Number of protein chains: 2
Amino acid sequence: MKQLHIISTGQQTVPEFIHIISLIHPYIDFIHLRERNWTAQTYIDCIDQLLDIGVPLEKILINDRVDIAVITGVYGVQLPTHSLPVKDVKKYFPSLQIGCSVHSVEKAIEQEKAGANMLLYGHIFSSRSKAGLPPRGISQLKNIVKQVTIPVIAIGGITPRNVQDVCESGANGIAVLSGVLLAQHPLHAVLEYREKLHLFKGER
Amino acid sequence: MKQLHIISTGQQTVPEFIHIISLIHPYIDFIHLRERNWTAQTYIDCIDQLLDIGVPLEKILINDRVDIAVITGVYGVQLPTHSLPVKDVKKYFPSLQIGCSVHSVEKAIEQEKAGANMLLYGHIFSSRSKAGLPPRGISQLKNIVKQVTIPVIAIGGITPRNVQDVCESGANGIAVLSGVLLAQHPLHAVLEYREKLHLFKGER
(Lines give C-alpha, C1' and ligand atoms only; values in the text may rest on other atoms or scores of the structure.)
Protein backbone atom coordinates (compact mmCIF):
# COMPACT_ATOMS: atom_id res chain seq x y z
CA MET A 1 0.00 0.00 0.00
CA LYS A 2 1.28 3.44 -0.90
CA GLN A 3 1.77 5.74 2.09
CA LEU A 4 0.19 9.10 2.73
CA HIS A 5 2.33 11.44 4.86
CA ILE A 6 0.95 14.75 6.14
CA ILE A 7 3.46 17.47 7.05
CA SER A 8 2.51 20.42 9.23
CA THR A 9 2.59 23.75 7.42
CA GLY A 10 4.19 26.11 9.91
CA GLN A 11 1.13 28.31 9.39
CA GLN A 12 -1.41 26.89 11.80
CA THR A 13 -1.98 27.08 15.51
CA VAL A 14 -1.87 23.89 17.57
CA PRO A 15 -5.68 23.88 18.05
CA GLU A 16 -6.28 24.32 14.30
CA PHE A 17 -3.81 21.56 13.52
CA ILE A 18 -5.24 19.19 16.13
CA HIS A 19 -8.77 19.80 14.89
CA ILE A 20 -7.83 18.85 11.33
CA ILE A 21 -5.82 15.83 12.40
CA SER A 22 -8.75 14.63 14.52
CA LEU A 23 -10.79 14.47 11.30
CA ILE A 24 -8.23 12.84 9.05
CA HIS A 25 -5.90 10.68 11.10
CA PRO A 26 -7.53 7.32 10.38
CA TYR A 27 -6.84 7.87 6.68
CA ILE A 28 -3.19 8.87 6.85
CA ASP A 29 -0.05 6.87 7.59
CA PHE A 30 2.32 9.43 9.07
CA ILE A 31 2.15 12.92 10.54
CA HIS A 32 5.31 15.03 10.42
CA LEU A 33 5.56 17.85 12.93
CA ARG A 34 7.72 20.50 11.31
CA GLU A 35 7.42 23.82 13.06
CA ARG A 36 10.51 25.99 13.27
CA ASN A 37 8.80 28.39 15.69
CA TRP A 38 7.49 25.92 18.22
CA THR A 39 9.32 25.49 21.50
CA ALA A 40 10.10 22.01 22.75
CA GLN A 41 7.25 22.44 25.22
CA THR A 42 4.81 23.23 22.40
CA TYR A 43 5.90 20.09 20.57
CA ILE A 44 5.33 18.02 23.69
CA ASP A 45 1.91 19.58 24.27
CA CYS A 46 0.92 18.95 20.65
CA ILE A 47 2.02 15.31 20.81
CA ASP A 48 0.04 14.86 24.05
CA GLN A 49 -3.01 16.20 22.24
CA LEU A 50 -2.42 13.94 19.25
CA LEU A 51 -2.37 10.96 21.61
CA ASP A 52 -5.55 12.22 23.26
CA ILE A 53 -7.41 12.22 19.93
CA GLY A 54 -6.28 8.68 19.23
CA VAL A 55 -3.22 9.13 17.02
CA PRO A 56 -0.70 6.41 17.86
CA LEU A 57 2.96 7.34 18.50
CA GLU A 58 3.81 5.06 15.56
CA LYS A 59 2.27 7.59 13.16
CA ILE A 60 4.27 10.58 14.37
CA LEU A 61 7.59 11.88 13.09
CA ILE A 62 9.33 15.05 14.22
CA ASN A 63 11.32 17.21 11.87
CA ASP A 64 14.89 17.95 12.96
CA ARG A 65 14.42 17.83 16.76
CA VAL A 66 15.80 14.41 17.59
CA ASP A 67 15.78 15.16 21.31
CA ILE A 68 12.03 15.78 21.35
CA ALA A 69 11.47 12.58 19.36
CA VAL A 70 13.49 10.53 21.88
CA ILE A 71 11.73 11.97 24.92
CA THR A 72 8.21 11.69 23.51
CA GLY A 73 8.79 8.21 22.10
CA VAL A 74 7.42 8.93 18.64
CA TYR A 75 8.18 6.69 15.66
CA GLY A 76 10.98 8.72 14.21
CA VAL A 77 12.57 11.87 12.94
CA GLN A 78 12.68 13.55 9.57
CA LEU A 79 16.08 15.14 9.06
CA PRO A 80 16.18 18.15 6.74
CA THR A 81 19.31 18.98 4.76
CA HIS A 82 21.02 21.04 7.46
CA SER A 83 20.05 18.81 10.36
CA LEU A 84 22.13 16.37 12.38
CA PRO A 85 24.08 13.73 10.41
CA VAL A 86 22.15 10.49 9.85
CA LYS A 87 25.03 8.31 11.03
CA ASP A 88 25.25 10.19 14.35
CA VAL A 89 21.50 10.03 14.94
CA LYS A 90 21.61 6.29 14.22
CA LYS A 91 24.55 5.82 16.58
CA TYR A 92 23.28 7.82 19.55
CA PHE A 93 19.53 7.24 19.18
CA PRO A 94 19.18 3.75 17.69
CA SER A 95 15.51 3.40 18.63
CA LEU A 96 14.42 6.07 16.16
CA GLN A 97 13.40 5.55 12.56
CA ILE A 98 15.21 8.07 10.41
CA GLY A 99 13.62 9.83 7.49
CA CYS A 100 15.90 12.03 5.47
CA SER A 101 15.20 14.81 2.95
CA VAL A 102 17.24 14.53 -0.24
CA HIS A 103 17.40 16.47 -3.48
CA SER A 104 19.72 14.35 -5.63
CA VAL A 105 20.53 10.74 -6.48
CA GLU A 106 24.02 11.08 -4.97
CA LYS A 107 22.63 12.29 -1.66
CA ALA A 108 19.95 9.57 -1.69
CA ILE A 109 22.57 6.83 -2.05
CA GLU A 110 24.79 8.47 0.58
CA GLN A 111 21.99 8.78 3.13
CA GLU A 112 20.84 5.21 2.60
CA LYS A 113 24.42 4.07 3.29
CA ALA A 114 24.54 6.31 6.37
CA GLY A 115 21.53 4.48 7.78
CA ALA A 116 18.41 6.37 6.72
CA ASN A 117 15.23 4.28 6.85
CA MET A 118 13.24 6.42 4.44
CA LEU A 119 13.84 9.25 1.98
CA LEU A 120 11.70 12.25 1.25
CA TYR A 121 12.46 13.42 -2.28
CA GLY A 122 11.29 16.55 -4.02
CA HIS A 123 9.98 18.81 -4.98
CA ILE A 124 8.46 16.75 -7.77
CA PHE A 125 6.08 19.31 -9.23
CA SER A 126 6.11 23.08 -9.02
CA SER A 127 4.47 24.24 -5.80
CA ARG A 128 3.71 27.55 -4.17
CA SER A 129 6.22 26.93 -1.36
CA LYS A 130 9.03 26.38 -3.89
CA ALA A 131 8.09 29.10 -6.36
CA GLY A 132 10.94 29.90 -8.74
CA LEU A 133 12.83 26.65 -8.16
CA PRO A 134 12.52 24.18 -11.06
CA PRO A 135 10.72 20.98 -10.02
CA ARG A 136 12.66 17.71 -10.22
CA GLY A 137 9.94 15.85 -12.06
CA ILE A 138 8.87 12.24 -12.37
CA SER A 139 11.87 10.99 -14.35
CA GLN A 140 14.30 12.03 -11.59
CA LEU A 141 12.00 10.41 -9.05
CA LYS A 142 12.11 7.16 -11.03
CA ASN A 143 15.88 7.36 -11.09
CA ILE A 144 16.14 7.78 -7.29
CA VAL A 145 13.73 4.91 -6.69
CA LYS A 146 15.92 2.63 -8.84
CA GLN A 147 19.12 3.56 -7.00
CA VAL A 148 18.05 2.88 -3.40
CA THR A 149 16.37 0.03 -1.55
CA ILE A 150 14.70 2.07 1.21
CA PRO A 151 11.25 3.64 0.71
CA VAL A 152 11.11 6.91 -1.21
CA ILE A 153 8.29 9.33 -0.46
CA ALA A 154 7.59 12.01 -3.05
CA ILE A 155 6.90 15.59 -1.99
CA GLY A 156 6.11 18.89 -3.68
CA GLY A 157 3.08 19.94 -5.66
CA ILE A 158 1.38 16.56 -5.43
CA THR A 159 -2.36 16.73 -6.11
CA PRO A 160 -4.92 13.95 -6.52
CA ARG A 161 -4.53 14.46 -10.31
CA ASN A 162 -0.84 13.55 -10.39
CA VAL A 163 -0.85 10.83 -7.71
CA GLN A 164 -1.13 8.13 -10.38
CA ASP A 165 2.07 9.32 -12.11
CA VAL A 166 3.92 9.44 -8.81
CA CYS A 167 2.80 5.92 -7.91
CA GLU A 168 3.86 4.59 -11.30
CA SER A 169 7.34 6.01 -10.74
CA GLY A 170 7.83 3.43 -8.01
CA ALA A 171 7.69 5.89 -5.11
CA ASN A 172 6.37 4.32 -1.92
CA GLY A 173 4.07 7.16 -1.13
CA ILE A 174 3.45 10.86 -1.10
CA ALA A 175 3.80 13.70 1.37
CA VAL A 176 1.33 16.57 1.39
CA LEU A 177 1.19 19.83 3.35
CA SER A 178 -1.20 22.54 2.17
CA GLY A 179 -3.05 20.18 -0.18
CA VAL A 180 -4.70 18.74 2.91
CA LEU A 181 -4.04 21.01 5.88
CA LEU A 182 -4.96 24.24 4.10
CA ALA A 183 -7.75 22.69 2.01
CA GLN A 184 -11.28 24.02 2.43
CA HIS A 185 -12.34 20.49 3.38
CA PRO A 186 -9.31 18.62 4.73
CA LEU A 187 -11.21 15.35 5.14
CA HIS A 188 -12.50 15.46 1.55
CA ALA A 189 -8.99 16.25 0.36
CA VAL A 190 -7.47 13.33 2.28
CA LEU A 191 -10.12 10.94 0.98
CA GLU A 192 -9.44 12.08 -2.54
CA TYR A 193 -5.68 11.47 -2.16
CA ARG A 194 -6.38 8.15 -0.47
CA GLU A 195 -8.69 7.02 -3.24
CA LYS A 196 -6.05 7.76 -5.86
CA LEU A 197 -3.43 5.90 -3.82
CA HIS A 198 -5.79 2.92 -3.50
CA LEU A 199 -6.40 2.87 -7.23
CA PHE A 200 -2.75 2.11 -7.70
CA LYS A 201 -2.35 -1.61 -7.08
CA GLY A 202 1.28 -2.08 -8.12
CA GLU A 203 3.71 -2.48 -5.25
CA ARG A 204 7.36 -1.75 -5.39
CA MET B 1 36.38 30.64 42.33
CA LYS B 2 33.39 32.46 40.89
CA GLN B 3 32.49 31.40 37.35
CA LEU B 4 32.28 33.55 34.26
CA HIS B 5 29.79 32.29 31.65
CA ILE B 6 29.60 33.86 28.19
CA ILE B 7 26.34 33.44 26.25
CA SER B 8 26.17 34.00 22.51
CA THR B 9 24.06 36.97 21.52
CA GLY B 10 22.10 35.73 18.50
CA GLN B 11 23.45 38.80 16.71
CA GLN B 12 26.83 37.65 15.43
CA THR B 13 28.03 35.47 12.60
CA VAL B 14 29.96 32.31 13.38
CA PRO B 15 33.30 33.86 12.22
CA GLU B 16 32.75 36.96 14.39
CA PHE B 17 31.86 34.80 17.35
CA ILE B 18 34.80 32.44 16.86
CA HIS B 19 37.20 35.37 16.53
CA ILE B 20 36.10 36.85 19.85
CA ILE B 21 36.14 33.50 21.63
CA SER B 22 39.67 32.85 20.32
CA LEU B 23 40.75 35.99 22.21
CA ILE B 24 38.90 35.40 25.46
CA HIS B 25 38.45 31.68 26.02
CA PRO B 26 41.35 31.18 28.47
CA TYR B 27 39.67 33.66 30.81
CA ILE B 28 36.14 32.26 30.82
CA ASP B 29 34.66 29.15 32.35
CA PHE B 30 31.72 28.32 30.10
CA ILE B 31 30.47 29.26 26.65
CA HIS B 32 26.74 28.90 25.99
CA LEU B 33 25.69 28.57 22.37
CA ARG B 34 22.21 30.03 22.16
CA GLU B 35 21.22 30.76 18.61
CA ARG B 36 17.59 30.24 17.63
CA ASN B 37 18.36 30.71 13.95
CA TRP B 38 21.25 28.29 13.60
CA THR B 39 20.64 24.92 12.01
CA ALA B 40 22.00 21.80 13.70
CA GLN B 41 24.73 21.77 11.07
CA THR B 42 25.76 25.33 11.95
CA TYR B 43 25.99 24.36 15.61
CA ILE B 44 28.19 21.40 14.72
CA ASP B 45 30.42 23.55 12.50
CA CYS B 46 30.76 26.17 15.22
CA ILE B 47 31.67 23.58 17.84
CA ASP B 48 34.29 22.11 15.48
CA GLN B 49 35.78 25.57 15.14
CA LEU B 50 35.73 26.12 18.91
CA LEU B 51 37.69 22.88 19.32
CA ASP B 52 40.11 24.01 16.60
CA ILE B 53 40.93 27.20 18.50
CA GLY B 54 41.58 25.23 21.66
CA VAL B 55 38.30 25.46 23.56
CA PRO B 56 37.71 22.18 25.41
CA LEU B 57 34.32 20.44 25.13
CA GLU B 58 34.10 20.81 28.91
CA LYS B 59 33.61 24.56 28.51
CA ILE B 60 30.70 24.34 26.06
CA LEU B 61 26.98 24.28 26.80
CA ILE B 62 24.20 24.31 24.22
CA ASN B 63 20.94 26.09 24.81
CA ASP B 64 17.81 23.98 24.35
CA ARG B 65 19.10 21.53 21.68
CA VAL B 66 19.83 18.46 23.77
CA ASP B 67 20.30 16.33 20.65
CA ILE B 68 23.16 18.49 19.37
CA ALA B 69 24.76 18.41 22.81
CA VAL B 70 24.65 14.60 22.91
CA ILE B 71 26.08 14.16 19.43
CA THR B 72 28.86 16.73 19.82
CA GLY B 73 29.79 15.54 23.32
CA VAL B 74 29.81 18.97 24.93
CA TYR B 75 29.63 19.44 28.69
CA GLY B 76 25.95 20.13 28.92
CA VAL B 77 22.77 21.90 28.01
CA GLN B 78 21.11 25.04 29.22
CA LEU B 79 17.34 24.57 29.24
CA PRO B 80 15.26 27.71 28.81
CA THR B 81 11.79 27.96 30.31
CA HIS B 82 9.92 26.38 27.39
CA SER B 83 12.49 23.66 26.70
CA LEU B 84 12.38 19.94 27.42
CA PRO B 85 11.61 18.93 31.03
CA VAL B 86 14.73 18.54 33.22
CA LYS B 87 13.63 15.14 34.52
CA ASP B 88 13.26 13.75 30.98
CA VAL B 89 16.61 15.12 29.85
CA LYS B 90 18.21 13.56 32.94
CA LYS B 91 16.51 10.23 32.27
CA TYR B 92 17.24 9.91 28.55
CA PHE B 93 20.59 11.70 28.36
CA PRO B 94 22.28 11.02 31.70
CA SER B 95 25.75 12.01 30.48
CA LEU B 96 24.79 15.68 30.16
CA GLN B 97 25.13 18.36 32.77
CA ILE B 98 21.88 20.29 32.95
CA GLY B 99 21.68 24.00 33.43
CA CYS B 100 18.25 25.46 33.82
CA SER B 101 16.90 29.00 33.52
CA VAL B 102 14.63 30.03 36.38
CA HIS B 103 12.82 33.20 37.32
CA SER B 104 11.44 32.39 40.79
CA VAL B 105 12.36 30.65 44.03
CA GLU B 106 9.59 28.08 43.51
CA LYS B 107 10.88 27.14 40.08
CA ALA B 108 14.48 27.03 41.36
CA ILE B 109 13.54 24.53 44.06
CA GLU B 110 11.46 22.49 41.61
CA GLN B 111 14.23 22.30 39.00
CA GLU B 112 16.84 21.31 41.57
CA LYS B 113 14.54 18.47 42.66
CA ALA B 114 14.02 17.49 39.01
CA GLY B 115 17.76 17.04 38.61
CA ALA B 116 19.22 20.33 37.37
CA ASN B 117 22.95 20.69 38.01
CA MET B 118 23.02 24.47 37.79
CA LEU B 119 20.58 27.37 37.70
CA LEU B 120 20.73 30.54 35.67
CA TYR B 121 18.74 33.20 37.49
CA GLY B 122 17.78 36.64 36.28
CA HIS B 123 17.54 39.16 35.15
CA ILE B 124 19.23 40.71 38.17
CA PHE B 125 19.64 44.28 36.91
CA SER B 126 17.80 46.13 34.18
CA SER B 127 19.29 45.35 30.80
CA ARG B 128 18.66 46.38 27.22
CA SER B 129 17.48 42.89 26.25
CA LYS B 130 14.83 42.92 29.00
CA ALA B 131 13.73 46.55 28.67
CA GLY B 132 10.42 47.18 30.40
CA LEU B 133 10.59 44.12 32.63
CA PRO B 134 11.41 44.92 36.26
CA PRO B 135 14.74 43.40 37.32
CA ARG B 136 14.68 40.82 40.12
CA GLY B 137 17.48 42.42 42.08
CA ILE B 138 20.11 41.24 44.53
CA SER B 139 17.76 40.42 47.41
CA GLN B 140 15.82 37.92 45.31
CA LEU B 141 19.11 36.43 44.14
CA LYS B 142 20.20 35.99 47.78
CA ASN B 143 16.91 34.28 48.51
CA ILE B 144 17.33 31.79 45.65
CA VAL B 145 20.91 31.03 46.65
CA LYS B 146 19.73 30.19 50.18
CA GLN B 147 16.98 27.86 48.98
CA VAL B 148 19.00 25.55 46.72
CA THR B 149 22.24 23.60 47.01
CA ILE B 150 23.25 23.63 43.33
CA PRO B 151 25.25 26.52 41.85
CA VAL B 152 23.32 29.65 40.91
CA ILE B 153 24.68 31.83 38.11
CA ALA B 154 23.36 35.38 37.93
CA ILE B 155 22.40 36.92 34.59
CA GLY B 156 21.05 40.22 33.35
CA GLY B 157 22.63 43.65 33.33
CA ILE B 158 25.79 42.53 35.11
CA THR B 159 28.71 44.93 34.64
CA PRO B 160 32.13 44.98 36.27
CA ARG B 161 30.73 47.64 38.64
CA ASN B 162 28.07 45.39 40.15
CA VAL B 163 30.01 42.10 40.13
CA GLN B 164 30.98 42.61 43.77
CA ASP B 165 27.32 42.85 44.86
CA VAL B 166 26.44 39.75 42.88
CA CYS B 167 29.31 37.79 44.41
CA GLU B 168 28.35 38.87 47.92
CA SER B 169 24.85 37.54 47.33
CA GLY B 170 26.31 34.03 47.29
CA ALA B 171 25.85 33.45 43.57
CA ASN B 172 28.44 31.08 42.13
CA GLY B 173 29.14 33.21 39.12
CA ILE B 174 27.84 35.49 36.44
CA ALA B 175 26.68 35.14 32.86
CA VAL B 176 27.33 37.90 30.34
CA LEU B 177 26.27 38.37 26.72
CA SER B 178 26.68 41.81 25.15
CA GLY B 179 28.87 43.08 27.99
CA VAL B 180 31.65 41.01 26.48
CA LEU B 181 30.65 39.85 23.00
CA LEU B 182 29.43 43.26 21.83
CA ALA B 183 32.07 45.26 23.73
CA GLN B 184 34.45 47.42 21.74
CA HIS B 185 37.31 45.40 23.26
CA PRO B 186 36.00 41.98 24.28
CA LEU B 187 39.30 40.88 25.81
CA HIS B 188 39.53 44.03 27.95
CA ALA B 189 35.93 43.52 29.00
CA VAL B 190 36.53 39.91 30.01
CA LEU B 191 39.64 40.81 31.94
CA GLU B 192 37.74 43.50 33.77
CA TYR B 193 34.96 41.06 34.76
CA ARG B 194 37.56 38.46 35.67
CA GLU B 195 39.46 40.88 37.88
CA LYS B 196 36.32 41.77 39.79
CA LEU B 197 35.48 38.08 40.21
CA HIS B 198 39.00 37.41 41.51
CA LEU B 199 38.73 40.22 44.01
CA PHE B 200 35.93 38.35 45.66
CA LYS B 201 37.56 35.75 47.85
CA GLY B 202 34.50 34.45 49.66
CA GLU B 203 33.33 31.03 48.53
CA ARG B 204 29.84 29.70 48.89
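Quick notes on this structure:
- The residues of the stretch A:1-91 expose, per residue, 39 Å² of accessible area to a 1.4 Å probe.
- Amide H contacts of A:Leu177 (H built 1.01 Å from N, under 5 Å, at least 5 apart or other chain): A:Ile7
- A crude spin-label estimate for the pair B:Arg128 and B:Gln11, with each label 7 Å from Cα along the Cβ direction, gives 0.4 nm.
- Here A:Pro15 yields copy-to-copy label distances, from shortest upward, of 4.8 nm, the label point defined as 7 Å from Cα along Cα to C-beta.
- Share of carbon and sulfur in the accessible area of the stretch B:46-162 stands at 52%, probe radius 1.4 Å.
- Copy A relates to copy B by a rotation, and the A residue whose beta-carbon is nearest that axis, with the distance in whole angstrom, is A:Asp67, 2.
- Cross-link pairs exceeding 25 Å between alpha carbons, from the set A:Lys91/A:Lys146; A:Lys87/A:Lys196; A:Lys91/B:Lys91; A:Lys107/B:Lys90; A:Lys87/B:Lys113: A:Lys91/A:Lys146; A:Lys87/A:Lys196; A:Lys107/B:Lys90; A:Lys87/B:Lys113.
- Annotation: amide H-H contacts under 5 Å for A:Ile31 (H modelled 1.01 Å from N, sequence separation of 5 or more, or interchain): A:Ile6, A:Ile60, A:Leu61.
- Pairwise Cα inverse-distance average, inverted: Kirkwood Rh of the stretch B:1-65 (Å): 11.9 Å
- Volume per residue of the convex hull around the Cα atoms, evaluated for the stretch A:1-111, comes out as 112 Å³.
- Prolate/oblate/rounded call for chain B, Cα gyration tensor, a/c under 1.5 rounded: oblate
- Hydrodynamic radius by Kirkwood, which averages 1/r over all alpha carbon pairs of the protein assembly as shown, in angstrom: 23.2 Å
- With label points set 7 Å from Cα along Cα→Cβ, the inter-copy distances at B:Pro85 are 3.4 nm, sorted shortest first.
- Spatial separation of Cα centroids for the stretch A:48-62 and the stretch B:1-57, in angstrom: 37 Å
- Label-to-label distance, nm, for residues given as A:Lys146 and A:Asn162 (7 Å Cα→Cβ offset): 2.1 nm
- Placing a label point 7 Å from Cα along the Cα-to-Cβ axis, B:Gln97 is separated from the same position in the other copies by 3.9 nm, shortest listed first.
- Per residue, the convex hull spanned by the Cα atoms of the stretch A:131-204 measures out at 92 cubic angstrom.
- The stretch B:86-171: translational diffusion in µm²/s, Stokes-Einstein, Kirkwood Rh over Cα pairs, 25 °C, 0.890 mPa s: 184 µm²/s
- Drop in accessible area of at least 50 Å² in the complex versus isolated chain, residues of the stretch B:59-100, 1.4 Å probe: B:Arg65, B:Asp67, B:Ile71, B:His82, B:Leu84, B:Tyr92, B:Phe93
- For the stretch B:60-204: relative contact order, % (alpha-carbon pairs under 8 angstrom, 6 or more apart): 15 percent
- Buried area at the A:B interface is about 1800 square angstrom, summed over both chains, from accessible surfaces computed with a 1.4 angstrom probe.
The values are calculated or read from the model by the stated rules, or taken from the named source; none is laboratory data. Every value quoted in this text rests on a predicted model; they were computed, and no experiment measured them. Neighbour counts run over all protein chains shown; Cβ positions are idealised from the backbone, glycine included. Areas reflect the complete protein model, heavy atoms only, side chains present, ligands, DNA and RNA absent. Shrake-Rupley method; radii C 1.70, N 1.55, O 1.52, S 1.80 Å.
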